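Read through the structure below, which is laid out as structure tokens, and then see the notes.
The values are calculated or read from the model by the stated rules, or taken from the named source; none is laboratory data. Values in this document were obtained by computation on a predicted structure and should not be read as measured data. Note: ideal-geometry Cβ built from the backbone for every residue, glycine included; neighbour counts use all protein chains shown.
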Amino acid sequence: MKIMWAVAALFLFSFPLNAQKPGHYELFGEQADDLVAKCRNLTLMDAGADHSSLDLGLCIGFVKGVADGSQLAATDPQKWPVCFPPGVTADQLVRVVLKYGQDHPERLHFYSANFVKQALQIAFPCPANASRTP
């Protein structure tokens, strides 16, 4: 019995642990290129090509989560200057992120959440003295 526990402990501790910064959870790794690669499944789906529904779902969820979370976290457009027009869709948000990645490959090493935030800020800027659509 002791040998079995020793083997189990050896097995458990033989895998490297991924160290992360406190409070820093990374769904796609640290870089936006991981996210953009998952989001490209939207264009594959549009073309009728084989695609990963799981990766596409992760992409949509992440992008929508950044958009929704940021809208809830900041009530002042100067802190997070994004004003979504009424009726904006998750599909549209993902396409904005994909275009931003295509137009700015030099930024694909950015953290995924910051990358999405920048893409949305450029695509949906707030006019002066505007209120944001939740």
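Consider only pairs whose beta carbons are under 7 Å apart and that are at least six residues apart or on different chains; among these, list those whose first residue lies in segment 87-115 and is without any contact (Cβ under 8 Å) to a residue 60 or more places away in the chain and whose second residue is surrounded by fewer than 18 Cβ atoms within 10 Å (Cβ to Cβ) and of a type in the set (A, V, I, L, M).
96/123; 100/122
Any idea which of (1) over 20 Å from residue 127 (Cα atoms); (2) under 12 Å from the mean Cα position of the chain (by Cα) is the one residue 102 doesn't satisfy?
(2)
Just checking, does segment 60-79 include any residue being more than 20 Å from residue 32 (Cα to Cα) and either among the hydroxyl-bearing types (Ser, Thr, Tyr) or modelled with pLDDT of 90 or more (or both)?
yes
Going by what's in this entry, would residue 94 be described as modelled with pLDDT of 90 or more, part of a helix (DSSP H, G or I) and touching a Cys at 6+ places or on another chain (Cβ under 6 Å)?
In short, yes.
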